Amino acid sequence: MAVTKDEVLRRLSEVKSPDGVPLPATGTLSDVVVSDGKVFFSISVDAATVRSWEGVRKAAEAAVKALPGVVSALVALTAERAGGAGGAGGAASGNGAGRQAPAAAAAGPRTAAPSVAPAAVKSIIAVASGKGGVGKSTTAVNLALGLLGLGLKVGLLDADIYGPSVPRLLGIKGRPETTGGNRLQPMTGYGLEVMSIGFLVEEETPMIWRGPMVMSALTQMLRDVDWGALDVMVVDMPPGTGDAQLTMAQQVPLKGAIIVSTPQDLALIDARRGIAMFRRVNVPVLGIVENMSYFVCPQCGTRSDIFGHGGARHEAERLGVRFLGEVPLAMTIRETSDAGRPVVATAPGGPHAAVYRDIAAKVWAELGGGPARPAPRIVIEA
Ligand SMILES: Nc1ncnc2c1ncn2[C@@H]1O[C@H](COP(=O)(O)OP(=O)(O)OP(=O)(O)O)[C@@H](O)[C@H]1O
Ligand SMILES: [Mg+2]
């Protein structure tokens, strides 16, 4: 029997705030989302009182979990800072596409936030862009596979909780296993450890998340997943420069960010915004990838610079950021992505895989990585 939001709220009224007030009456609760037996919500309190609320958070989670029909409960405790600390918030992304911009909740200097990085992960890098649809996820997946090809242990975290695409891009189906109550095992695809909200929520479920819930979903995917000892974790970011990005940048010790841009000027304006955001929160920008950079006619081999090629390279130079490479607009890249058979894994001998491997090697060098240990190449027929 599916549990309802009202049942959850009724149960929560048995949980009291540190002052003895029933939780739903405290004004600290976010919207309660119930999906497929999974319950998510957050408690937002003043940063000064946050310690006294941890017990309340635990009690709320336990109370909800005990309800019949509840498969899992995730309650995040978030501290709201009074006033506009941080100064980096509010830069709404130019991308619309029906995605909700979460309410601001992640302000504050990066150093003040508790780190949620898994201890065994050496470097976490974000693949981001100012605007949607420029090929972040495609780049993140193939970059991760390129890093794997260098002999590294690599994880891929899909931080796009509004539109998770990593399960589809890697052709991974099914749900992660849980161990020890609340620990999730990462999924695996083509040798990568992978986690995405797409494994936890039905694809048709409308993703309406509030700011604090964005954070709690991200922190859960970092903290409550049994990530192995990874050399690099690649994070596929949602588009834009809103709160999800800020949260990542503030709470996760990112070693760096890679900005994906198409060559058009408009996209570059967004790319600049992305770069500025990471710089504001002191995350080094490792470089720019120009995606859909040029088109090579599969029939005649003629190259066409359909979008005015080279913009990202010039922009990178101007901004003093490394230019990591140009990925052509190619039907193979698109088709392999859509089929869940990413080009670096399924056509490793082809020109497109070579482009991504080259980008991966540059990224690894930017991370100060040692010499690459090329792994034996596993060829999977496309
Ligand atoms: N180099 C490329 N050549 C051909 N098609 C590409 C290329 N890069 C990405 N695509 C295609 O463009 C579309 C958008 O790519 P992708 O999903 O990676 O973008 P995104 O920036 O992650 O989007 P979103 O902002 O929605 O998360 C996909 O259909 C993908 O297959
Ligand atoms: Mg994406």
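The values are calculated or read from the model by the stated rules, or taken from the named source; none is laboratory data. Treat the numbers as computed from the prediction; the structure is a model and nothing was measured. Here the Cβ positions follow ideal geometry from the backbone for every residue, glycine too, while neighbour counts run over all protein chains shown.
Test Ser129 against the stated conditions and say whether it is within 12 Å of ligand 2 (Cβ to nearest atom), more than 25 Å from Pro284 (Cβ to Cβ) and crowded, with 24+ Cβ neighbours inside 10 Å.
no
Those residues that are part of a loop (DSSP other than H, G, I, E, B) and surrounded by fewer than 24 Cβ atoms within 10 Å (Cβ to Cβ), I need them from the stretch 162-173; list them, please.
Correct list: Tyr162, Gly163, Pro164, Ser165, Gly171, Ile172, Lys173.
If Ile288 satisfies every condition in (1) within 16 Å of ligand 1 (Cβ to nearest atom); (2) in a helix (DSSP H, G or I); (3) touching a strand residue (DSSP E or B) at 6+ places or on another chain (Cβ under 6 Å) but one, which is the exception?
(2)
Taking the condition out of contact with any Phe, Trp or Tyr (no Cβ under 7 Å at 6 or more places or on another chain), surrounded by 24 or more Cβ atoms within 10 Å (Cβ to Cβ) and assigned to a helix (DSSP H, G or I), does Val134 pass?
no
Consider Ala330 carefully, then state whether it is free of Cβ contacts under 8 Å to residues at least 60 places away in the same chain and out of contact with any His (no Cβ under 9 Å at 6 or more places or on another chain).
no
Would you mind finding the one in Leu147, Leu152 that is more than 16 Å from ligand 2 (Cβ to nearest atom), in a loop (DSSP other than H, G, I, E, B) and either at pLDDT 95 or above or in contact with a Pro (Cβ under 6 Å, 6 or more places away or on another chain) (or both)?
Exactly one of Leu147, Leu152 is more than 16 Å from ligand 2 (Cβ to nearest atom), in a loop (DSSP other than H, G, I, E, B) and either at pLDDT 95 or above or in contact with a Pro (Cβ under 6 Å, 6 or more places away or on another chain) (or both), namely Leu152.
Those residues that are surrounded by 19 or more Cβ atoms within 10 Å (Cβ to Cβ) and in a loop (DSSP other than H, G, I, E, B), I need them from the stretch 319-342; list them, please.
Within the stretch 319-342, Val321, Ala330, Pro342 meet the criteria.
How about the stretch 291-318: which of its residues are aromatic (Phe, Trp, Tyr) and in a strand (DSSP E or B)?
Result: Tyr294, Phe295.
Please verify whether the stretch 343-351 includes one or more residues that are within 10 Å of ligand 1 (Cβ to nearest atom), assigned to a helix (DSSP H, G or I) and closer than 19 Å to Val260 by Cβ.
The answer is yes, given that some residue of the stretch 343-351 is within 10 Å of ligand 1 (Cβ to nearest atom), assigned to a helix (DSSP H, G or I) and closer than 19 Å to Val260 by Cβ.
Keeping to the stretch 119-152, report how many residues are more than 12 Å from ligand 1 (Cβ to nearest atom) and at positive phi.
Qualifying residue count for the region: 1.
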